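The values are calculated or read from the model by the stated rules, or taken from the named source; none is laboratory data. Keep in mind the model is a prediction, meaning the values are calculated, not measured. Glycine gets a Cβ as well: all are built from the backbone with ideal geometry, and neighbour counts include every protein chain shown. These area figures cover heavy atoms from the full protein model, side chains too; ligands, DNA and RNA do not enter into them. Shrake-Rupley method; radii C 1.70, N 1.55, O 1.52, S 1.80 Å.
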Amino acid sequence: MIKEYSPDATAYAVRCSPSALRDWRRHGFLKSLSERLGKGHLFSLSDVARIAVAAFLARNGATLQDAFAIVSGIRGGVIDSTIATLRDGRSASDYFLTFTVNPDTSWPTAITGAPVAKIAFDEEPVATLQVNVTKFLATVLARLQTAEAGEDAA
């Protein structure tokens, strides 16, 4: 059985407001994320994980459009498998997203799945953003569990 999460639980896990989720939906960023139920939407664990990573990237320099594009496709699959592994109580290998940022170009200049320590740069970048997606998703999962406990108590 696939577990689904309410907009309130999703917003809490993502660290945004439910109105931000509605706004992102209205702008088309959540097109393939969530399932319509009556007048509302429910989110799968994979949906929550992808939205959380996109929101984090947007808070740290990406446009929403870039952030949601990053968490789709191949990177989305890795996010899905990482959150599923964490949900099952197993330890997951650290998965990184590393971005090089150039203040004179649009964000990001380059993206890789390697940690900064293992990247051989042709030219030292002005800035990098490294996200340990596995550790970040562990916090998302913990926040989902907290939100569910609060909903069950209500």
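A straight chain from ASP122 to ALA84 at 0.36 nm per residue would run longer than the Cα-Cα distance by 10.1 nm. The simple spin-label model puts a point 7 Å past each Cα toward its Cβ; for THR139 and ILE74 those points are separated by 2.7 nm. Semi-axes of the equivalent ellipsoid of the range 51-154 are 28, 16, 11 Å, computed as sqrt(5λ) over the eigenvalues of the C-alpha gyration tensor in descending order. To put it simply, the accessible area of the range 1-92 at a 1.4 Å probe is 53 percent carbon and sulfur. Extension gain, ASP104-ALA149: 0.36 nm per intervening residue step, less the Cα-Cα distance, totals 11.6 nm. Here the Gaussian network model covers the chain, with springs between Cα atoms less than 10 Å apart; of LYS118, LYS135, LYS31, LYS118 fluctuates the most. Here's how it looks for THR128: its modeled amide H is under 5 Å from those of VAL101, which are all 5 or more places away or on a different chain. The shape of the range 1-109 can be summarised by an equivalent ellipsoid whose semi-axes, obtained from the alpha carbon gyration tensor, come to 23, 19, 11 Å from longest to shortest.
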